[in-house]
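Heads up: the structure comes next, in structure tokens.
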Amino acid sequence: MAVARSLRWGLSRARACLLPPPAHFPHRYLHKQVDGTEFQSIYSLDKLYPESRGLDTAWKVPDDAKQANKDIPLDRLTISYCRSSGPGGQNVNKVNSKAEVRFHLATADWIEETVRQKMAITHKNKINRSGELILTSECSRYQFRNLADCLQKIRDMIAEARQTAKEPSKEDAALWRIRIENMNRERLRKKRINSVIKTNRRVDVD
């Protein structure tokens, strides 16, 4: 029995090896619908990142980063990357996608002196003890996009500091003066009330 069983098994294997393969194997289209359109889940990259399309989008350098040398000298900036807490899933645990850009504000001669002074006052919380202005970005899972976002923040800060303050009109100046007078009057009234309360708390000692 054992010999017959082994002979049958050997013949079946030989027949399987000698038979030609079928003319067509049905392919399993896991990501195709019946009508031929591509299936996209709610977590597909096209829906999570609608502005990112194409095969080379992941490593495509944004236009802001390409045109940075025209208005911001990259050789004067200190650029570094570190772990991010932004979008990206497990990617943020493996890739240094967070961008950090810093430069010494006082010696940045590519910015006007008056603009630098306004930036130092307005954004004093972003300047460290060494006088470096620090900007970070983790809005994307790609380094180049975060770098472009940091450069755009620098442009916005410079444009905001270059804007001149508008001269108030006579009506606005008068209204502002009336508001200040009312605030001072209310402050003095509360001060007198507190003074009376403290005076009444005193105990006369005979």
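The values are calculated or read from the model by the stated rules, or taken from the named source; none is laboratory data. Small disclaimer: the values here were computed from a predicted structure and weren't measured. Every residue, glycine as well, gets a Cβ built from its backbone with ideal geometry; the counts of neighbours run over all protein chains shown. For accessibility, only protein heavy atoms count, side chains too; no ligands or nucleic acids. Shrake-Rupley method; radii C 1.70, N 1.55, O 1.52, S 1.80 Å.
Brief remarks follow.
- Hey, ALA148 in contact with a Leu (Cβ under 6 Å, 6 or more places away or on another chain), open to solvent by less than 50 Å² (accessible area, probe 1.4 Å) and either closer than 13 Å to ILE79 by Cα or modelled with pLDDT of 90 or more (or both) or not: no
- In the stretch 154-175, the residues that are touching a residue at least 40 places away in the same chain (Cβ under 8 Å) reach residues that are open to solvent by less than 50 Å² (accessible area, probe 1.4 Å) and outside any helix (DSSP H, G or I) with C-beta atoms within less than 7 angstrom, at least six apart or across chains, in these pairs: ILE154/ILE72; ILE154/LEU135; ILE158/ILE111.
- Residues that are surrounded by fewer than 19 Cβ atoms within 10 Å (Cβ to Cβ) and at pLDDT below 90 within the stretch 122-142 comprise just one, CYS139.
- Sole residue being hydrophobic (A, V, I, L, M, F, W, C) and either within 30 Å of THR78 (Cα to Cα) or in a helix (DSSP H, G or I) (or both), chosen from ALA165, ALA174: ALA174
Yes or no, residue by residue, for (1) of a type in the set (Phe, Trp, Tyr); (2) at pLDDT below 55; (3) open to solvent by 40 Å² or more (accessible area, probe 1.4 Å); (4) under 27 Å from ARG162 (Cα atoms):
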position: LEU55; (1), (2), (3), (4): no, yes, yes, no
position: PRO73; (1), (2), (3), (4): no, no, no, yes
position: THR107; (1), (2), (3), (4): no, no, yes, yes
position: ARG116; (1), (2), (3), (4): no, no, no, yes
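- Scoring THR164 on the criteria (1) β-branched (Val, Ile, Thr); (2) modelled with pLDDT of 90 or more; (3) open to solvent by 80 Å² or more (accessible area, probe 1.4 Å) leaves a single failure, condition (2).
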